[in-house]
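Novice: What follows is a structure written as structure tokens; I'll ask about it next.
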Amino acid sequence: MEVGEIIPMYGVLSSPLKLTGDFNKDIDIAYEYFNTAINDRAKRPTLFDKEVFIEAHEIIEERPSGFWHAISIEENHHFKKVLPCINDENIVLCDQNCNASHHTIAIKYGTEMRNICLLRASRLPWIIDIIKLACRNDPSVKVWLKPGTGKQSEKLYLRYNNQGADYILIFSVEKHFYRLISAFPVFYIREKEEFDKDYQKYAWSYF
């Protein structure tokens, strides 16, 4: 790297979506990206030669539940001392919706309330980025396969933790596809440590 060269803020990941603070507009911006790059099966990348499945059976406000889950956080998950977006520009846009619950969405047929999170919405491009990096066996993505318990399927984890970005994708391993069940910035120290331990124990390679 040359002296004076600008280091990309998030390494090889795409720039986050530029949001406005108007929740309705921002949901539209996020959904436009989601619908084009993630929800479109013809454009969605495969993962280790399997299709990636995005939950779309439940439609809420004309959008699939997989979209709402990806841009929100559980309503009962409050941040008492430090917000996940403390070092991100979205902190001035959302008015602490993760705690205030002024913009919510009900999923799972009304059984789970979630707060819209502009930080999560802005990071949607990272889902595609990390899948593509993992498929190239890029060393920036740690991959591990955690055994299921009882009737639960195995879980596949993809974690990118570089250049100020710590983001994880979690998939349920099915016979013919990987079901995306969660994608979010890793924030808590304890959570980071747990993922580090799991990687050491369950590290896995497709290659």
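The values are calculated or read from the model by the stated rules, or taken from the named source; none is laboratory data. Only a predicted model underlies this, so the values are computations on that prediction, with no experimental measurement involved. Every residue, glycine among them, receives a Cβ derived from its backbone with ideal geometry; neighbour counts consider all protein chains shown. Surface accessibility is based on the protein's heavy atoms, side chains included, excluding ligands, DNA and RNA. Shrake-Rupley method; radii C 1.70, N 1.55, O 1.52, S 1.80 Å.
Novice: Mind giving me the FRET efficiency for His77 and Asn137? R0 is 41 Å, r the Cβ-Cβ distance, nearest 0.05 is fine.
Specialist: Once the sixth-power term is evaluated, E becomes 0.75.
Novice: What does the charge count near Tyr202 come to, summing +1 for each Lys or Arg and -1 for each Asp or Glu among other residues with Cβ under 10 Å from its Cβ?
Specialist: Spelling it out: positives minus negatives among the neighbours equals +2.
Novice: Label Ile59 and Ala37 with points 7 Å out from Cα along Cα→Cβ: what is the distance between them in nm?
Specialist: For the pair Ile59/Ala37, the computed spacing is 2.5 nm.
Novice: Fully extended, how many nm does the chain gain between Ile91 and Ser182 (0.36 nm per residue separation, minus their Cα-Cα distance)?
Specialist: Roughly 30.6 nm would be gained on extension.
Novice: Still on this structure, I have one more. With both bridge residues required to lie in the chain, what share of the DSSP beta bridges run antiparallel, to the nearest 5%?
Specialist: Antiparallel bridges make up about 90 percent of those DSSP assigns within the chain.
Novice: Please report the relative contact order for the chain, taking Cα pairs under 8 Å with a sequence separation of at least 6, and give it as a percent rounded to a whole number.
Specialist: 22 percent.
Novice: Rounded, prolate or oblate: pick one for region 64-130, where a ≥ b ≥ c are the square roots of the eigenvalues of its C-alpha gyration tensor, a/c under 1.5 means rounded, and failing that, prolate if a/b is larger than b/c, else oblate. Don't jump to the answer; show the numbers that get you there.
Specialist: Details: a/c = 2.10, a/b = 1.10, b/c = 1.91.
The shape class here is oblate.
Novice: Continuing with the same structure: Under 30 Å between alpha carbons, and skipping anything fewer than 8 positions from Lys201 in its own chain: which lysines qualify?
Specialist: The qualifying lysines are Lys50, Lys132, Lys142, Lys146, Lys151, Lys155, Lys175, Lys192.
Novice: Over region 97-207, average the accessible area per residue using a 1.4 Å probe and give it in Å², no decimals.
Specialist: I get 51 Å² per residue for region 97-207.
Novice: Compute the separation of the alpha-carbon centres of region 148-207 and region 45-101 and state it in Å as a whole number.
Specialist: A separation of 17 Å, based on Cα centres.
Novice: Ok, one more. Would you mind counting up the charge near Asp138? Only other residues with Cβ under 15 Å from its Cβ, with Lys and Arg at +1 and Asp and Glu at -1.
Specialist: +3
Novice: Which of rounded, prolate, oblate describes the chain, given a ≥ b ≥ c as roots of the alpha-carbon gyration tensor eigenvalues and a/c under 1.5 marking rounded, otherwise prolate only if a/b is larger than b/c?
Specialist: Verdict is rounded for the chain.
Novice: Additional query: Please find the FRET efficiency linking Glu154 to Asp196, where r is the Cβ-Cβ separation and R0 is fixed at 22 Å, and quote it to the nearest 0.05. Write out the running numbers ahead of the final one.
Specialist: Working: r = 20 Å, r/R0 = 0.89.
Calculated value: 0.65.
Novice: I'd like the carbon and sulfur percentage of the solvent accessible area for the chain, probe radius 1.4 Å, heavy atoms only, ligands and nucleic acids excluded.
Specialist: On the chain, the fraction of accessible area on carbon and sulfur atoms equals 50 percent.
Novice: From the P(r) of region 104-143, can you give the percent of Cα pairs sitting at distances over 12 Å?
Specialist: Cα-Cα pairs of region 104-143 separated by over 12 Å account for 67 percent.
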